[in-house]
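Scroll down for the structure; my scribbles are underneath it.
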Amino acid sequence: MIDASYNDAAPYSGAASHDDAGLLPATRRALLHRLATGQSQGRAPSMVGAVMREGRLVWSAGRGELPSGAGDEDVQYRIGSISKTFVAVLVMRLRDEGLLKLEDRLGAYLDTPAGGEATIAQLLSHTSGLAAEARGPWWERTDGALRPELGDLFGDRPQLHTPGRLHHYSNPGYALLGALVERIRGESWYAVLRREVLAPLGMERTTLAPAAPHADGWAVHPWADVLLPEPAVDTGRMAPAGQLWSTTADLCRFAAFLTHGDEGVLAASTLAEMRVPEGGAKAPGQSGYGLGLQVMERDGRTLVGHMGTMPGFVAMLLASPQDGTAAVVLANRTSCFEVGSVAADLLTKVAKLEPRIPAPWRPLSEAKEEHLELTGSWYWGAAPFTLRLCAGGALELSPLGSGGRGSRFRPEQDGTWTGLDDYYAGETLTAVRTAEGAVSHLDLGTFVFTREPYEAGDAVPGGVDAAGWRTAEGRR
């Protein structure tokens, strides 16, 4: 039991319980120092942190008062809105099974008094236009029995914005997605989560209700070092928006899954789709929201994950797919937003102090001749580009010099390629051939690429001046 004499209690040792020989002692100490600073400056009764690298928990530590005898990586905390990412995984599983489409209206599957006009993708990305919170009183601190049915979630103005118009975070939107999972699967969303995601990933310590050892939730007085206990109620219909409890060990398993995928749960390609912010990539340093995942830029890295808050608890999970690294930080204090910066710092410290060792270069296992002949230099007008052949027949278009749009392209069964990035995302790349079978030019969403700058012939729309390129003298 924590009371006002908390600061006089013996501090938790803070020793890392999962050190990997691959992490240098200086790195481990830097991580511990950052966690200790976050707990102290954030005045959190306790704070635990962990780092995942290449699919394994490689470091964990705790500061403050934890349940007696418990390893810091095994103590449960309420993880709040990180629960939404789990719900999003369930929805994407339904999509991949062909049981729904992201562009479908929710109302086609669920009888709901609000949100039915929004698409499933809009609900996942918080662009449904629904209100941010459920009907009062404060749903995070009141029993879910007050809102037994979907209609009880919404107040007088459930729809604040036109669906798809702008990003507006909505907790009731994820309550609806949980109900969607229940409607299609025919059982509770948590039962589905347990069977389809938690058990396959080995996440035995992620639960709907707290299971010992777990931290208690506290509020900290703003002007004095004293504590007030926070309630931990069952939020009922709102549970998909923030009910789950978990540990740093379990969340590192989840982070490994979000980074690398698991064919038994969700393919890496689907997870990559979830990481694309709504409306496309953001400017450097700006944050966005994908399909159940927050996306942000930090120190030249794209980080994905989610923050979670509930009365008495704050949590953050961040992963860097390019580094194969993730960090988790959990604390048992209301509004301890330091966990976000602590998690980001833990991740970037490992990435910078011990950068990822590149995989060995290896030649392609297969390369078709008709694909090889597409590689090399191409020109859009007079702008130079290169086209490289990648594994599986994929292509990568890169501009040479400043400016120009590049993209990766996925091969399709019909012999075309589909763009994966930014401007060319979803656009079709076609290798146009002559009657004799030779490659004439590339057509990328009507943009024509030729082997020579403004190549003579009929490939370039509008034609090319018959006199060709001119010198300074030739311009007169």
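FYI, it's all coordinate maths here, none of it is from the lab. Because the structure is a prediction, the values reported are computed rather than measured. Neighbour counts are summed over all protein chains in view; Cβ atoms, including those assigned to glycine, are modelled from backbone coordinates with ideal geometry.
General observations
- Of the peptides 40-46, 196-202, 24-30, the ranking by mean beta-carbon count within 10 Å, highest at the top, reads 40-46, 196-202, 24-30.
- Computed on the chain, with alpha-carbon pairs under 8 angstrom and 6+ residues apart, the relative contact order is 15 percent.
- The calculated 222 nm mean residue ellipticity attributable to helices in the chain amounts to -6000 deg cm²/dmol, summing -39500 (n - 2.57) over DSSP H runs of n ≥ 4 and dividing by all residues.
- Length released on extending from residue 447 to residue 390, taking residue separation times 0.36 nm less the Cα-Cα span: 18.3 nm
- Antiparallel DSSP beta bridges within the chain, as percent of all bridges there, nearest 5: 95 percent
- Relative contact order of the stretch 369-449: 18 percent, from C-alpha pairs under 8 Å at least 6 residues apart in sequence.
- Separation between Cα centres of the stretch 363-420 and the stretch 212-278, rounded to whole Å: 40 Å
- Counting charges near residue 102 (Lys, Arg +1; Asp, Glu -1) among other residues having Cβ under 12 Å from its Cβ returns a value of -2.
- Cα point-scatterer Debye curve for the stretch 369-449, base-10 log of I(q)/I(0) at q = 0.21, 0.22 Å⁻¹: -0.98, -1.08
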